[in-house]
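> Once you've had a glance at the structure underneath, I'll fire off some questions.
The values are calculated or read from the model by the stated rules, or taken from the named source; none is laboratory data. Predicted model only: the values in this text are computed from it and were never measured. Cβ placement follows ideal geometry from the backbone for every residue including glycine, while neighbour counts extend to all protein chains displayed.
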Amino acid sequence: MGPRGRPALLFLILLRTVATQGRPPRSHSLRYLFMGASEPDLGLPLFEALGYVDDQLFVAYNHESRRAESRAQWVLGGATNQLWLQLSQSLKGWDHMFIVDFWTIMDNHNHSKESHTLQVILGCEVQEDNSTRGFWKYGYDGQDHLEFCLETLDWRAAESKAMTTKLEWEVNKIRAKKNKAYLERDCPEQLQWLLELGRGVLDRQVTFLRCQALNFYPQNITVRWLKDRQPVDAKDAESEDVLPNGDGTYQTWVALAVTPGEEQRYTCQVEHPGLDQPLTATWEPSLSNTLAIGVISVIAVCVIIFFTGILFRILRRRQASRGATGDYVLAECE
């Protein structure tokens with residue numbers, strides 16, 4: 001039975017995580033997630049960037065606007081024009097680098113006409129003893145691809161098809177030195193001034209509520225947060241684009257930072273063409289961190305677009321004060 005005629009299930013899941021912060025000394029991280037699609041039919045721009053300090057999204061950028069946009073009030077409140085300009089220029093540079101790398105990887109795979117995706121995670125961590133660790137990883141079409149090894153200044157290929165790009169990049173010694181300088185010097189310095197800007201915000205305890213809608217079609221869906229039954233301003237919530245699962249269904253989520261102890265004032269509401277009435281979910285403290293609220297049969301009412309292959313899961317908040325960003329994680333360089 002094709003996607004038009006078969007029923008789908010819509011799962012609504014509510015997650016609660018607490019970032020236990022303000023425990024000096026502690027480690028901190030600056031992470032950038034870059035993603036893009038070679039063709040617009042995957043629902044992604046050619047380049048999009050998200051920047052995180054610890055588990056806090058603070059900046060977003062995309063190729064179409066070519067402009068950095070604040071995603072945290074503490075950044076705009078404390079950043080000088082010069083610091084914000086530096087950040088914007090840095091993201092424009094990443095934009096150019098990402099596209100060049102994208103075309104290089106596609107050429108080395110002999111890919112030209114099909115839709116493909118590229119993902120990059122790069123950044124640094126400053127440990128409790130002030131030591132630093134840098135990371136720079138590439139994923140292609142949702143699979144591990146290349147990782148920069150800071151100790152040896154070369155690249156580790158996660159698959160045989162990545163070897164051509166690995167050898168091509170390793171010939172460029174200047175690139176390796178620039179990567180090393182960014183991971184060991186520039187990234188930690190940027191992290192330090194971001195921590196100064198976020199002092200009093202980043203070091204307080206925050207509760208995150210995330211509402212996930214899984215395995216639904218068609219793809220048009222509305223997911224919103226309500227506080228005391230009143231809609232929460234969309235700019236206060238962080239949301240993910242509606243993404244295909246690869247089997248004809250879709251998924252999305254909306255996250256919200258709330259004051260600890262006020263979780264039960266918030267309700268997640270989902271509207272979908274296959275629902276007779278909106279589906280709602282409220283976090284219950286007796287059910288620990290995860291609550292599966294509903295499994296609703298939804299009959300498809302229009303044709304969906306079926307995407308082959310695996311699309312990278314864009315972003316997942318780090319749970320508690322530690323965790324992984326994204327679904328693909330390369331083994332550490334030896």
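> Collect the residues in segment 217-261 that are of a type in the set (Ser, Thr, Tyr) and either at pLDDT 85 or above or surrounded by 17 or more Cβ atoms within 10 Å (Cβ to Cβ) (or both), keeping them in residue-number order.
Tyr217, Thr222, Thr249, Tyr250, Thr252, listed by residue number.
> Looking at segment 84-94, can you tell me whether even one residue there is closer than 22 Å to Gly134 by Cα, in contact with a helix residue (DSSP H, G or I) (Cβ under 7 Å, 6 or more places away or on another chain), at pLDDT 80 or above and buried (at least 18 other Cβ atoms within 10 Å of the Cβ)?
No; the residues of segment 84-94 include none that is closer than 22 Å to Gly134 by Cα, in contact with a helix residue (DSSP H, G or I) (Cβ under 7 Å, 6 or more places away or on another chain), at pLDDT 80 or above and buried (at least 18 other Cβ atoms within 10 Å of the Cβ).
> Still on this structure, please answer the following. Could you look through segment 144-166, keep only residues that are aliphatic (A, V, I, L, M) and part of a helix (DSSP H, G or I), and pick out the one that is surrounded by the fewest Cβ atoms within 10 Å (Cβ to Cβ)?
Out of the qualifying residues, it is Met163.
> Something else now. Looking at Phe47, Phe98, which is the one that is within 30 Å of Met163 (Cβ to Cβ), without any contact (Cβ under 8 Å) to a residue 60 or more places away in the chain, under 19 Å from the mean Cα position of the chain (by Cα) and surrounded by 16 or more Cβ atoms within 10 Å (Cβ to Cβ)?
Phe47
> Contact list please: Cβ distance under 7 Å, first residue in segment 54-72 and over 15 Å from Ser90 (Cβ atoms) and touching a residue at least 40 places away in the same chain (Cβ under 8 Å), second residue hydroxyl-bearing (Ser, Thr, Tyr) and crowded, with 18+ Cβ neighbours inside 10 Å, pairs at least six apart or on different chains.
Within 7 Å, the pairs are Asp54/Ser29.
> Keeping to segment 126-143, report how many residues are farther than 19 Å from Ala181 by Cα and outside any strand (DSSP E or B).
4
> Hey, another quick one. Within the set of pairs 6+ apart or on separate chains, which have a first residue in segment 152-174 that is farther than 22 Å from His111 by Cα and touching a residue at least 40 places away in the same chain (Cβ under 8 Å), a second that is among the acidic types (Asp, Glu) and assigned to a strand (DSSP E or B), and C-beta atoms under 8 Å apart?
Taking only residues 6 or more apart or on different chains, not a single pair turns up.
> Checking the condition in contact with a His (Cβ under 8 Å, 6 or more places away or on another chain) and either more than 27 Å from Trp225 (Cβ to Cβ) or at pLDDT below 75 (or both), which residue from Phe34, Phe47 passes?
Phe47
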